[in-house]
Amino acid sequence: MFRLLLPALVPSWNFFDVIAPSPRVEYALMDSASQAPADWREFRPRPQRVSLATMAQRLLWNPGWNESLFLVSCAERLINQPTEHSRDELFKRIAADLAGGAEAATDPWLCFRLVFVSLERDEIAREVLFQSVPRRLGEIAVR
Amino acid sequence: MTLTLALRLTEILLALALIQQGLEHVVRFRDELRLFLARTGLCVLVVLGVGSPWPLVGLALLSLLILQRFQGPYNGGSDRMGLLALWCLMLARLMPTPALQEVFFGYLGAQLILSYVMSGGVKVINPDWRSGRALAHVFRFSAYPVSEDLRAWAKRPRVLLAMSWAVMLFELAFPLTLLSRESLIVGLVIAATFHLANACLFGLNRFFWTWLATYPALLWLQARLLG
């Protein structure tokens, strides 16, 4: 536990020192665990526009965005130091959004992948660095 | 500003920032609800000044469970600053003499200065930051811009070059604001505006409130060293 605390007590403060490839989480729903995922969807795509009023309101209430930033950390950890924790968090939060969505998920299996976006010769490049093994939606705790 | 007043102001502002963060968690998952309701309760005690220093001790212990729950800080740098402030306040409150209290509280003030200077230092040695390319990359493909429209800023290289140098020069020059109380207040207003811009453009609202909470520590430190 103190291993986790130490970087806070002796911080490095190297914010944005290097702009590394940036992860996007994509998910797919399937009929069965053996089916190859095809219909990949971006998890929480950002809106086209955010008004000044919304920006001001998010100063005080911004749970969705902060959770998305946590998932960015989980995605980076999953590549750099893979743990079951990061995988579980991603599954849990995608499944929770699907459970709370207006459209019920009809296919029972969920998998996700991490697409890292970077710039190569001034063009946006996308590389899939991780794809999860499918999990049954009903077995993911979403509360 | 006296040590007593600065300690009290910092702990109230930090407790309010932690309440704001905690409420964002209680609507989602049961395990988070338990942790953050407990934290919010302790923060209310801190704001009310009840049972000092034990609510701070409770918050520090709870911070270990929260770190364990998320296997690290939930929101990177902002949570790290919150943890640093919390542990410095708790240790300062537990110290038996004012001199020892000053050591721990002064450490928080010193880290606040370093948070700007080091951030400026790591940027200025990077050619991508000096050319404005790094900030263009932040807007073009990083996970931070809150909307797709903001990505268009990547196509304004001159604006981004000016913004990059403004940020780097301000961060590197921040220690100069300590020369007088007035210059420090001006510096902190500019710094708070910078955090506000980051909150609006990149959704980093926790940075804004957490850094603001630590400003009394620096106002006290400046007066203690140069006042």
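Taken together, the values in this text are just the output of simple stated rules run on the coordinates, not laboratory data. As the structure is a computational prediction, the values presented were derived from the model and not from experiment. A quick note on method: Cβ atoms are made from the backbone with ideal geometry, for glycine too, and the neighbour counts reach across all protein chains shown.
Summary of values
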quantity: Label-point separation in nm, residue A:41 to residue B:48, each point 7 Å along Cα→Cβ; calculated: 4.5 nm
quantity: Equivalent ellipsoid dimensions for the protein assembly as shown as semi-axes, Å, which come from the Cα gyration tensor, largest first; calculated: 37, 27, 16
quantity: With 10 Å bins from 0: P(r) over chain A, alpha-carbon pairs, percent; calculated: 10, 33, 35, 19, 3
quantity: Listed residues A:86, A:68, A:34, most fluctuating in chain A (Gaussian network, C-alpha, under 10 Å); calculated: A:34
quantity: FRET efficiency, residue B:113 to residue B:2 (Cβ-Cβ, R0 25 Å, nearest 0.05); calculated: 0.80
quantity: With Cα atoms, 0 to 90° folded angle of helix A:63-80 axis to chain A main axis; calculated: 90 degrees
quantity: Helix-derived mean residue ellipticity, 222 nm - over chain A, DSSP H n ≥ 4, -39500 (n - 2.57), to 500; calculated: -11000 deg cm²/dmol
quantity: Contour minus Cα-Cα distance for residue B:152 and residue B:169 (0.36 nm per residue); calculated: 3.7 nm
quantity: For segment A:2-97, with +1 on Lys and Arg beta carbons and -1 on Asp and Glu, the positive-most of A:56, A:34, A:91 along the dipole; calculated: A:56
quantity: Ordering of A:35-41, B:210-216, B:176-182 by packing [mean C-beta count within 10 Å, highest first]; calculated: B:210-216, B:176-182, A:35-41
quantity: Calculated FRET value between residue B:176 and residue B:131, using beta carbons and R₀ = 25 Å, to 0.05; calculated: 0.50
quantity: Efficiency of FRET between residue A:120 and residue A:88 - r from beta-carbon atoms, R0 35 angstrom, step 0.05; calculated: 0.60
quantity: Partner chain coverage, peptide B:16-29 - average Cβ within 10 angstrom; calculated: 3
quantity: For residues of B:54-65, the mean tally of beta carbons on other chains within 10 Å; calculated: 1
quantity: Peptide A:55-66, shielding by other chains (average Cβ, 10 Å cutoff); calculated: 6
quantity: Most mobile listed residue (B:199, B:99, B:173) in chain B, GNM with C-alpha springs under 10 Å; calculated: B:99
quantity: Value at 222 nm in deg cm²/dmol, rounded to 500, when DSSP H runs of n ≥ 4 in chain B each add -39,500 (n - 2.57); calculated: -27000 deg cm²/dmol
quantity: For segment A:76-92 and segment A:1-28, distance of Cα centres in Å; calculated: 13 Å
quantity: Dipole magnitude (debye, nearest 20) for chain B, charges at Cβ of Lys, Arg, Asp, Glu; calculated: 400 debye
quantity: About the Cα centre, charge dipole magnitude for the protein assembly as shown (Lys/Arg +1, Asp/Glu -1 at Cβ), debye; calculated: 440 debye
quantity: Most mobile listed residue (B:74, B:116, B:107) in chain B, GNM with C-alpha springs under 10 Å; calculated: B:74
quantity: Distance from segment B:112-172 to segment B:174-210 (C-alpha centre basis), Å; calculated: 16 Å
quantity: Extent along principal axes [Cα atoms of segment B:3-226; Å; largest to smallest]; calculated: 54, 48, 24
quantity: Folded to 0 to 90 degrees: helix B:98-124 orientation relative to chain B principal axis, Cα; calculated: 10 degrees
quantity: Cβ charges +1 (Lys, Arg) and -1 (Asp, Glu), total dipole of segment B:113-172, debye; calculated: 240 debye
quantity: Principal-axis tilt of helix B:157-173 within chain B, Cα atoms, nearest 10 degrees; calculated: 40 degrees
